[in-house]
Amino acid sequence: MTPCTSITVDPTRFQNLFPGFSQAEALATLRKPLEELEDVSDRYLAAAHLVNFPDEQTIAALITCAADGHPAQAQRIARRKAVESLARLGARQALPVIQDCLRNEDTYLVENAVWALAELQAQPEAVTDALLQLLQDGRQNRRVVAQTAARLGIQEAIAPLEALRQEKDPLLVTAATTAVAQLTGNREALPALEGYLRHPDVTVRRGVIQDLMDAQAFGALAAIAAAPVSPVFRLRGVRALADQQYQRGIVQAEGLLPLVDQVLRDDPGTITLVHRYDATPSLDFLVQELYGTDFGRVYLAVATLMASPKAATLAALTRSFADKGWNDYGAHYHMIKLFGWLGDSQPVSLVWDALANRRPQFQKSRPAAALTLARLDPQQAGPALQDAACEGSFWELRYAALMGLEQLGLPVPLGSLADADWLVALRARSHGE
């Protein structure tokens, strides 16, 4: 076994999207008079970027912005973002200003303020009346209000939340059901939420994963792993529930690890499809579907492409990849996976490029590339997977690299056995079992 170099995990790897933008520049932009702004979004961008500079100066500037009720659009959007940034910074001293935002006519500001109350763990008695009023207001995002009421333990919200379970909006129904279960401890209604993972609307399928995470619905792990949504959402759900189990000391590797493997492998045969074709579409149509945002439809296309004539499918994929797939992170991911399943080594250089691609939007392609290389280039993949298993950027890549090494019958690096991420370490210790 090879040793790993030190492993570090950066949970905020997508937070600083403007690395050349200094704190001083962001503060100056936030304070600049509206009429001097070069672009209406400048103040918003400054409020967003300041989350990277957690000090008193930043918090004071963001509080000033959050309290500024100027009606100009540039300030309205900056105010919303300032409230969010204050919550992400854990700035509880901003709670009075954030609570004042609950009475604003800007429903987006109210939504951010409600979410911030939960993040900052506001005192329930200070916000109960306002939240109960918002639960009755159909203009508001009552899903977020329900989530916050549950997180803050507001028992007075149980009756209005029960009433919301009769609404037509499925996202409101699932959030209200989850909140009632959290507040009452009665979990009988939670299994019914799994049915929403097969809802025709992808937004509902994504949303109910969050609800199941909030409810600590461990029994839903397998259903989440098979849900027809992006693997990003499925991994988030499975990982959150796994972490909750780990914190309770109830993780069972034999039940959990196959589900994580399943999501990272992402074979459409393990996905519960919610769409079907009346007739087999053209190859061009199927390839174009890979660029879609409803992964229920994308997985149907992927499954159909896997069953199509391989030579023609590979040619169509490589043409589309060269045209625009290389720069579309969704299609890029699916094409990297399909190259592996088609089993032809012609596009292997594209897969190697994907493994090395560090553009933030393309991160989910890197674990996909690790697994595809184990299929397409088994003679050369070993050293690269050993390196990837030690790389400190994100756990999904290290975990997938371990899967690839196991597929190749190669040992895991010694350092993986003590990976800073408990789930990666657990996967390494299960190697070869």
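Tabulated values for the structure
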{"read-out": "Region 162-205 - residue that is in contact (Cβ under 8 Å) with a residue 40 or more places away in the chain and assigned to a helix (DSSP H, G or I) and, of those, surrounded by the most Cβ atoms within 10 Å (Cβ to Cβ)", "value": "ARG205"}
{"read-out": "Any hit, region 314-328, residues being among the basic types (Lys, Arg), within 27 Å of the chain's Cα centre (by Cα), closer than 23 Å to GLN363 by Cβ and in a loop (DSSP other than H, G, I, E, B)", "value": "yes"}
{"read-out": "Selection status of MET306, without any contact (Cβ under 8 Å) to a residue 40 or more places away in the chain and either of a type in the set (A, V, I, L, M) or surrounded by 17 or more Cβ atoms within 10 Å (Cβ to Cβ) (or both)", "value": "yes"}
{"read-out": "Selected residue (only one of ASP284, ASP294 is of a type in the set (Asp, Glu) and over 19 Å from THR203 (Cα atoms))", "value": "ASP284"}
{"read-out": "Hey, LEU305 in the same structural domain as VAL204 (by TED's automatic domain parsing), of a type outside the set (Phe, Trp, Tyr) and assigned to a helix (DSSP H, G or I) or not", "value": "no"}
{"read-out": "Matching helices (runs of 4 or more DSSP H) fully within region 30-128 where at least 3 residues are of a type outside the set (Val, Ile, Thr) and either over 22 Å from ARG143 (Cα atoms) or touching an Asp or Glu at 6+ places or on another chain (Cβ under 6 Å) (or both)", "value": "42-49, 56-67, 73-88"}
{"read-out": "Members of region 277-298 that are under 19 Å from the mean Cα position of the chain (by Cα), surrounded by 20 or more Cβ atoms within 10 Å (Cβ to Cβ) and more than 17 Å from ASP267 (Cβ to Cβ)", "value": "none"}
{"read-out": "Some residue of region 230-241 being in a loop (DSSP other than H, G, I, E, B), aliphatic (A, V, I, L, M) and not assigned by TED's automatic domain parsing to the domain that holds GLY340", "value": "no"}
{"read-out": "Candidate set: region 247-270, residues that are part of a loop (DSSP other than H, G, I, E, B) and more than 20 Å from the chain's Cα centre (by Cα); chosen: the one surrounded by the fewest Cβ atoms within 10 Å (Cβ to Cβ)", "value": "GLY249"}
{"read-out": "Unique residue being of a type in the set (Phe, Trp, Tyr), outside any helix (DSSP H, G or I) and either closer than 25 Å to GLN407 by Cβ or modelled with pLDDT of 95 or more (or both) when the list is TYR333, TYR277", "value": "TYR277"}
{"read-out": "Elements of type helices (runs of 4 or more DSSP H) contained in region 361-433, each with 2 or more residues being on the phi > 0 side of the Ramachandran plot", "value": "none"}
{"read-out": "Options LEU423, LEU410, LEU414, LEU373: the member that is outside the structural domain of VAL260 (by TED's automatic domain parsing), in contact (Cβ under 8 Å) with a residue 24 or more places away in the chain and surrounded by 24 or more Cβ atoms within 10 Å (Cβ to Cβ)", "value": "LEU373"}
{"read-out": "Checklist (1) within 13 Å of ASP261 (Cβ to Cβ); (2) under 24 Å from the mean Cα position of the chain (by Cα) applied to ALA389, failing item", "value": "(1)"}
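The values are calculated or read from the model by the stated rules, or taken from the named source; none is laboratory data. Computed from a prediction, not measured in an experiment: that's the story for all the values here. Ideal geometry is used to build each Cβ from the backbone, glycine not excepted, and the neighbour counts take in all protein chains shown.
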